[in-house]
1. I'd like to check something: does region 100-109 contain any residue that is in contact with a Pro (Cβ under 9 Å, 6 or more places away or on another chain), modelled with pLDDT of 95 or more, surrounded by 14 or more Cβ atoms within 10 Å (Cβ to Cβ) and over 24 Å from residue 12 (Cβ atoms)?
2. How many residues does region 66-115 contain that are assigned to a loop (DSSP other than H, G, I, E, B) and either of a type outside the set (Val, Ile, Thr) or in contact with a strand residue (DSSP E or B) (Cβ under 7 Å, 6 or more places away or on another chain) (or both)?
3. Output the number of residues of region 1-14 satisfying the condition of being part of a strand (DSSP E or B) and surrounded by fewer than 19 Cβ atoms within 10 Å (Cβ to Cβ).
4. Need the failing condition index for residue 33 against (1) of a type outside the set (Val, Ile, Thr); (2) surrounded by fewer than 15 Cβ atoms within 10 Å (Cβ to Cβ); (3) modelled with pLDDT of 95 or more, just the number.
5. Between a first residue in region 150-163 that is closer than 21 Å to residue 123 by Cβ and in a loop (DSSP other than H, G, I, E, B) and a second residue that is at pLDDT 95 or above and aromatic (Phe, Trp, Tyr), which pairs have beta carbons less than 6 Å apart while being 6 or more apart in sequence or on different chains?
6. Tell me, yes or no, whether region 117-126 has at least one residue that is free of Cβ contacts under 8 Å to residues at least 24 places away in the same chain and not aromatic (Phe, Trp, Tyr).
7. From 48, 137, which residue is closer than 24 Å to residue 30 by Cα and either open to solvent by 10 Å² or more (accessible area, probe 1.4 Å) or part of a helix (DSSP H, G or I) (or both)?
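The values are calculated or read from the model by the stated rules, or taken from the named source; none is laboratory data. Note that this is a predicted model, so its numbers are computed, not measured. Reconstructed Cβ throughout: ideal geometry from the backbone, glycine too, with neighbour counts over all protein chains shown. Please note that ligands, DNA and RNA were not included when accessible areas were found on the heavy atoms of the full protein model with its side chains. Shrake-Rupley method; radii C 1.70, N 1.55, O 1.52, S 1.80 Å.
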Amino acid sequence: MTRHLVIPSPVGPLTLVAQDEILTGVYFSGHDPAPNQAFGPADSDALLRQTETELNEYFAGERKVFTVPRRGQGTPFQQQVWAELEKIPYGTVISYAELAKRVGNPGGSRAVGGANGRNPISIIVPCHRVTQSDGSLGGFGGGLPTKRFLLELEGIMPPTLPL
């Protein structure tokens, strides 16, 4: 059964989604793609509460690595890109071009950008750590102010970098 829990955060409400014992989504308010499943109750759901705790620790600057079991649903290429996103350490950014190289598609910046934008497990699978080659932010499902906030939280956002 798919369950969800909406939690407050410094970047607005987040909808956490789980299927069985796997986290399948962390969605911002108005995030596309928004979860569209029928949800069951989650008030005492241990996995979703663990996710909430880990996100709260992240926002408090106390967590750099997430441990909740997770898997987003997507194409094999999207899965490959998302797996590579998980390898980007806290406090580090890479470019879309670098991400494309890492997945074996050096000319595929647009393709990895599209897969990055379809990441259903925002923050935990750190798509916010990918920027344009010129250092500008690029896109983000939660909006550019949220991306800037997350990067600043991790201490990797120069204050003069344009949106």
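1. Applying the first criterion (in contact with a Pro (Cβ under 9 Å, 6 or more places away or on another chain)) to region 100-109 yields 100.
Retained after the next criterion (residues that are modelled with pLDDT of 95 or more): 100.
From what is left, the residues that are surrounded by 14 or more Cβ atoms within 10 Å (Cβ to Cβ) are 100.
Within this subset, residues satisfying the condition of being over 24 Å from residue 12 (Cβ atoms) are 100.
Yes.
2. We begin by selecting, within region 66-115, every residue assigned to a loop (DSSP other than H, G, I, E, B); these are 66-69, 71-75, 86-93, 103-108.
Filter once more, so that each one left must be either of a type outside the set (Val, Ile, Thr) or in contact with a strand residue (DSSP E or B) (Cβ under 7 Å, 6 or more places away or on another chain) (or both): 66, 68-69, 71-74, 86-91, 93, 104-108.
Qualifying residue count, region 66-115: 19.
3. 3
4. So the condition that residue 33 fails would be (3).
5. Pairs that qualify, where the first residue is closer than 21 Å to residue 123 by Cβ and in a loop (DSSP other than H, G, I, E, B) and the partner is at pLDDT 95 or above and aromatic (Phe, Trp, Tyr), are 154/90.
6. First, pick out the residues of region 117-126 that are free of Cβ contacts under 8 Å to residues at least 24 places away in the same chain: none.
Looking through region 117-126, none of the residues is free of Cβ contacts under 8 Å to residues at least 24 places away in the same chain and not aromatic (Phe, Trp, Tyr).
7. Working: 137 fails: either open to solvent by 10 Å² or more (accessible area, probe 1.4 Å) or part of a helix (DSSP H, G or I) (or both).
Checking each option against the conditions leaves just 48.
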